[in-house]
Structures are given as C-alpha cells and as structure tokens.
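S.K.: First the structure, then my questions, so here it is.
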Amino acid sequence: MPMKRYIFEHCSLCFRVRMTAALTGLALEEKVVLDDDTATRVSLVGRRVIPILVKDGGTAMLESMDMVAYLDAMEDPVLTGHERPQISAIEARLLRTMARLTMTRYPLLDLPEFATVAARDHFTARKRKSFGDLAELRDRTRELLGSLIPALNDLDPLIENPRAINGRLSRDDVRILPL
C-alpha cells in the first residue's frame with residue numbers, strides 16, 4: 001500500500017506535510033477529506049484529526065511535525081538547518097491571531113473539504129463554537145492584522161536568507177511558511 005496523506009486544503013498543519021513531501025521529492029497519494037467525514041478519520045486513527053499519514057504497510061501517523069521528520073528521513077534529508085527557539089516562540093504568537101483571520105474565511109472559499117453543504121455547515125458550526133461570530137471576526141480584520149505586526153517585526157531580523165529562515169532549510173521553515 002503506497003503512502004497516503006489525508007488532509008484539508010486549508011490546514012496549515014497539512015501544508016507542513018505537503019511542503020516536506022515536495023521538498024524531499026516524495027510522491028504521496030493525497031486524499032482531501034470532507035470536513036464532516038468523521039468516519040474516515042476515526043477508522044484510520046480512532047479520532048477526528050487531520051492530517052493523517054498512512055505509511056507503506058498501513059500504519060497511520062498523527063502529529064504533523066512527526067510526519068515532517070519521518071518524510072525528511074526517508075531520503076537524503078533536506079531540512080538540515082538548525083532550529084531556533086525564537087522561531088518557535090514567534091510561531092506561537094502568530095498562531096494566536098492567525099486562526100481568527102483564516103478560519104473565518106475558509107468556508108467562503110471553494111475548497112474540496114467543503115464540497116457539500118453539510119461539510120461547509122459542519123465547519124462553520126465548529127468554528128463558531130471556538131471563535132464566536134465569524135462575520136464579526138471578519139469585520140475586525142484590520143485590528144487582527146495589526147496585532148500580527150509585532151510578531152512579524154520580531155521575525156524579520158531573524159530571517160537569515162530569503163530561501164531559508166536559518167540560512168539552510170530547517171523545520172523552522174516548515175513551521176513558519178504555512179502560516
């Protein structure tokens with residue numbers, strides 16, 4: 001059984017895995033799951049999570065950074081640069097606001113995980129529970145973008161090379177770029 005990744009197109013954690021597969025040149029079968037398709041995810045890993053990487057032989061993996069490490073180790077590693085705790089700290093700061101900007105907009109896009117009305121409604125209901133009124137959050141776009149600026153300003157001087165945050169590709173690139 002060839003490796004397969006189960007993803008949402010909008011998911012930054014899924015993008016980490018997709019990015020690593022592309023960087024390493026690994027061709028993985030990809031399956032976009034409908035947002036309301038709980039059965040597929042539960043049948044694979046016993047939980048309603050994404051991304052999921054099903055390795056050759058059928059063993060499933062969770063945790064995007066574990067998948068990144070696994071894929072990078074399969075061939076000649078490409079994520080050989082060092083990692084810095086400052087980058088992880090900035091990632092955490094960005095994440096606090098990014099979801100309020102992005103999650104409110106995803107259901108407006110024509111993404112395959114929202115191919116049915118039920119899937120789109122499921123996503124919207126789940127995010128409304130977590131974030132509140134999505135239209136109100138979209139109305140706060142300027143404020144939310146403004147709150148990202150300090151973290152981005154702190155990140156800017158840490159970028160050693162436009163092709164790799166730390167001078168050579170590293171897991172820090174896989175953490176930051178999808179955001």
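S.K.: Out of Glu75, Glu83, Glu63, Glu91, I need the residue that is farther than 30 Å from Asp139 by Cα, under 16 Å from the mean Cα position of the chain (by Cα) and of a type in the set (D, E, K, R). Which one?
M.R.: Working: Glu75 fails: under 16 Å from the mean Cα position of the chain (by Cα); Glu83 fails: under 16 Å from the mean Cα position of the chain (by Cα); Glu91 fails: farther than 30 Å from Asp139 by Cα.
So the residue among Glu75, Glu83, Glu63, Glu91 that is farther than 30 Å from Asp139 by Cα, under 16 Å from the mean Cα position of the chain (by Cα) and of a type in the set (D, E, K, R) is Glu63.
S.K.: Kindly establish whether Asp76 is closer than 22 Å to Ile165 by Cβ and modelled with pLDDT of 95 or more. It would help to see each step written out before you state the result.
M.R.: On the way: closer than 22 Å to Ile165 by Cβ: yes; modelled with pLDDT of 95 or more: no.
Against the criterion (closer than 22 Å to Ile165 by Cβ and modelled with pLDDT of 95 or more), Asp76 does not qualify.
S.K.: In the range 42-62, is there at least one residue being at pLDDT below 95, under 30 Å from Asp154 (Cβ atoms) and out of contact with any Lys or Arg (no Cβ under 7 Å at 6 or more places or on another chain)?
M.R.: The answer is no; no qualifying residue exists.
S.K.: Here's a follow-up. For a quick check of your reading: which helices (runs of 4 or more DSSP H) sit entirely within the range 99-179 and have at least 3 residues that are touching a residue at least 40 places away in the same chain (Cβ under 8 Å) and touching a Leu at 6+ places or on another chain (Cβ under 9 Å)? It would help to see each step written out before you state the result.
M.R.: Details: elements: 117-131, 134-139, 141-155, 171-176.
In the range 99-179, 117-131, 141-155, 171-176 are the helices (runs of 4 or more DSSP H) which contain 3 or more residues that are touching a residue at least 40 places away in the same chain (Cβ under 8 Å) and touching a Leu at 6+ places or on another chain (Cβ under 9 Å).
Here is a yes/no grid of residues against (1) at pLDDT 95 or above; (2) over 13 Å from Arg84 (Cα atoms); (3) of a type in the set (A, V, I, L, M):
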residue	(1), (2), (3)
Glu143	yes, yes, no
Asp156	yes, yes, no
Ile159	yes, no, yes
Pro162	no, yes, no
Ile165	yes, no, yes
Ile176	yes, no, yes
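S.K.: In the range 28-47, what residues are within 18 Å of the chain's Cα centre (by Cα) and surrounded by fewer than 12 Cβ atoms within 10 Å (Cβ to Cβ)?
M.R.: Within the range 28-47, Glu29, Arg47 qualify.
S.K.: Residues that are in contact with a Gly (Cβ under 8 Å, 6 or more places away or on another chain), in contact (Cβ under 8 Å) with a residue 60 or more places away in the chain and more than 19 Å from Tyr106 (Cβ to Cβ), at least 2 per element: which helices (runs of 4 or more DSSP H) completely within the range 1-91 meet that?
M.R.: Passing ranges: none, list empty.
S.K.: Next question, about the same structure. Does Arg128 qualify as being over 27 Å from Lys31 (Cβ atoms) and of a type in the set (Lys, Arg)? Give the derivation first.
M.R.: On the way: over 27 Å from Lys31 (Cβ atoms): no; of a type in the set (Lys, Arg): yes.
So Arg128 fails the test.
The values are calculated or read from the model by the stated rules, or taken from the named source; none is laboratory data. All figures in this text were calculated on a predicted structure; none of them were measured in a lab. Every residue, glycine as well, gets a Cβ built from its backbone with ideal geometry; the counts of neighbours run over all protein chains shown.
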